[in-house]
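Report on one structure; see the data block that follows.
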Amino acid sequence: MANFFLVSIVIPVFNEENNIGPLFDELQQALKPYKYEIIFVDDGSTDKTAGNVKKLTSKHSQVKLISFQRNFGHQMALTAGYEHSTGDCVISLDADLQDPPEIVPQMLDKWQQGAKIVYAKREKRDVDDPLKRVTAVLFYKYINLMSDSPVPNDVGDYRLIDRSVVDYLNALPEHSRFLRGLTAWGGFPTDYVFFRREKRHTGQTHYTFSKMVNFALEGITSFSTKPLRLAIYLGFLTSGFSILVIIFKSVQHFIFNQGDWLPGWASLFFSIVFLGGVQLITIGIIGEYVGKIYQEVQNRPKYLIKERINF
Ligand code: UDP
Ligand code: MG
């Protein structure tokens, strides 16, 4: 069957100078039978990443570059790629060759069979270090417990989405973009292609522990107000518990004339500290959402573009 459709490939790159060349070679190989464009989104790299992409753009008109003014983060880079893509479907993947381009044809097959979203799903995580593995398991467990729309397990940002999904994402007004969740939230027909995740080709991961924690918090708070409800439950639970203790103590003292009424700084100390902690947690949770509202009403641009090539 002739392939009349256009495939857009979106690749966020942040300090990946040594991965650009090998990645492009593999992509070219995998995309030979198709019409395609490759959009590199340079997320404020400080090394030769942009220069290396520019070399490709001057030789290949289907290679395009968007350069950000500064680092806006992986999710914003993906967002910019989606907004600039023109393909009938868009495939996003990491630049470090952890997402193997050779499964692209399988993804396209599933798409042609009717799936609007095709996730590349990791078969094993044996190349990730133990910390990453444990945090990833906890993250998906927790996010699916807390969130109203499930995020599929063990899929990263390597996925194909149909033009209709791209349009839906581009039309979303929110500035906080947890794309894994937003994509799933739409409820489009979904399919999977399995692959084994390789080690990073060169360089280090850019997701430090604190970045991962931030990412997880973003994911949870973007998709659910359940933590707020949890705060209310916690409040009921602790105040209910202390009322019960007071009733118990009063009955013991006034009716049975038993029990120590005066001493007990330990229990006082405990309850003050405990309640103080609960209050701080709940204020923190509320603050998290207030902060999100603040960000949304500020209505700042999601990213700033320094340069665009081949558009
Ligand atoms: N990335 C980005 N901006 C950032 C961090 C990462 O555009 O602030 C890109 C990075 O270049 C890579 C992809 O996002 O193409 C995934 O990042 P990384 O491989 O460091 O994450 P990991 O695979 O370790 O989760
Ligand atoms: Mg990676």
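Among residues of the stretch 147-171 being at pLDDT 95 or above and open to solvent by 30 Å² or more (accessible area, probe 1.4 Å), the one that is farthest from L230 (Cα to Cα) is R163.
State all residues of the stretch 98-120 that are within 15 Å of ligand 1 (Cβ to nearest atom) and either closer than 27 Å to L217 by Cα or of a type in the set (S, T, N, Q) (or both); if no residue qualifies, say none.
Q98, D99, A120
The residue that is least open to solvent (accessible area, probe 1.4 Å), among those in the stretch 45-56 that are more than 16 Å from ligand 2 (Cβ to nearest atom) and in contact with a helix residue (DSSP H, G or I) (Cβ under 8 Å, 6 or more places away or on another chain), is V53.
Residues that are in a strand (DSSP E or B) and β-branched (V, I, T) within the stretch 33-69 comprise I38, I39, V41, V63, I66, listed in sequence order. In the set (1) assigned to a helix (DSSP H, G or I); (2) of a type in the set (V, I, T); (3) within 16 Å of ligand 2 (Cβ to nearest atom), T202 fails one condition alone, (1). Looking across the stretch 205-255, not a single residue is within 16 Å of ligand 1 (Cβ to nearest atom), open to solvent by less than 40 Å² (accessible area, probe 1.4 Å) and not in a helix (DSSP H, G or I). Pairing residues of the stretch 209-237 that are without any contact (Cβ under 8 Å) to a residue 40 or more places away in the chain and more than 19 Å from L182 (Cα to Cα) with residues that are open to solvent by less than 60 Å² (accessible area, probe 1.4 Å) and among the aliphatic types (A, V, I, L, M), at Cβ distances under 9 Å and at least 6 apart in sequence or on separate chains, gives L237/V278.
Scanning the stretch 129-146 for residues that are within 16 Å of ligand 2 (Cβ to nearest atom) and open to solvent by less than 90 Å² (accessible area, probe 1.4 Å) yields a count of 5.
Quick grid of which residues meet (1) within 14 Å of E307 (Cβ to Cβ); (2) out of contact with any strand residue (DSSP E or B) (no Cβ under 9 Å at 6 or more places or on another chain); (3) more than 16 Å from ligand 2 (Cβ to nearest atom); (4) modelled with pLDDT of 95 or more:
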site: K32; (1), (2), (3), (4): no, yes, yes, no
site: D43; (1), (2), (3), (4): yes, no, no, yes
site: K59; (1), (2), (3), (4): no, yes, yes, yes
site: Q62; (1), (2), (3), (4): no, no, yes, yes
site: L65; (1), (2), (3), (4): yes, no, yes, yes
site: T86; (1), (2), (3), (4): no, no, yes, yes
site: V104; (1), (2), (3), (4): no, no, yes, yes
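Condition (residue is of a type in the set (V, I, T) and free of Cβ contacts under 8 Å to residues at least 40 places away in the same chain) applied to the stretch 39-62: is it met by at least one residue? Within the stretch 39-62, one or more residues are of a type in the set (V, I, T) and free of Cβ contacts under 8 Å to residues at least 40 places away in the same chain.
Scoring E37 on the criteria (1) within 20 Å of I305 (Cβ to Cβ); (2) charged (D, E, K, R); (3) within 16 Å of ligand 1 (Cβ to nearest atom) leaves a single failure, condition (3).
Scanning the stretch 175-194 turns up at least one residue that is within 18 Å of the chain's Cα centre (by Cα), within 16 Å of ligand 2 (Cβ to nearest atom) and open to solvent by 30 Å² or more (accessible area, probe 1.4 Å).
Might you let me know whether the stretch 57-75 holds any residue that is in contact with a Gly (Cβ under 6 Å, 6 or more places away or on another chain), among the charged types (D, E, K, R) and either closer than 10 Å to I39 by Cα or surrounded by fewer than 21 Cβ atoms within 10 Å (Cβ to Cβ) (or both)? Yes, because at least one residue in the stretch 57-75 is in contact with a Gly (Cβ under 6 Å, 6 or more places away or on another chain), among the charged types (D, E, K, R) and either closer than 10 Å to I39 by Cα or surrounded by fewer than 21 Cβ atoms within 10 Å (Cβ to Cβ) (or both).
The values are calculated or read from the model by the stated rules, or taken from the named source; none is laboratory data. What you see is a predicted model, and the numbers here were worked out from it, not measured in a lab. Ideal geometry is used to build each Cβ from the backbone, glycine not excepted, and the neighbour counts take in all protein chains shown. Accessible surface is based on the protein model in full, side chains and every heavy atom, while ligands, DNA and RNA are left aside. Shrake-Rupley method; radii C 1.70, N 1.55, O 1.52, S 1.80 Å.
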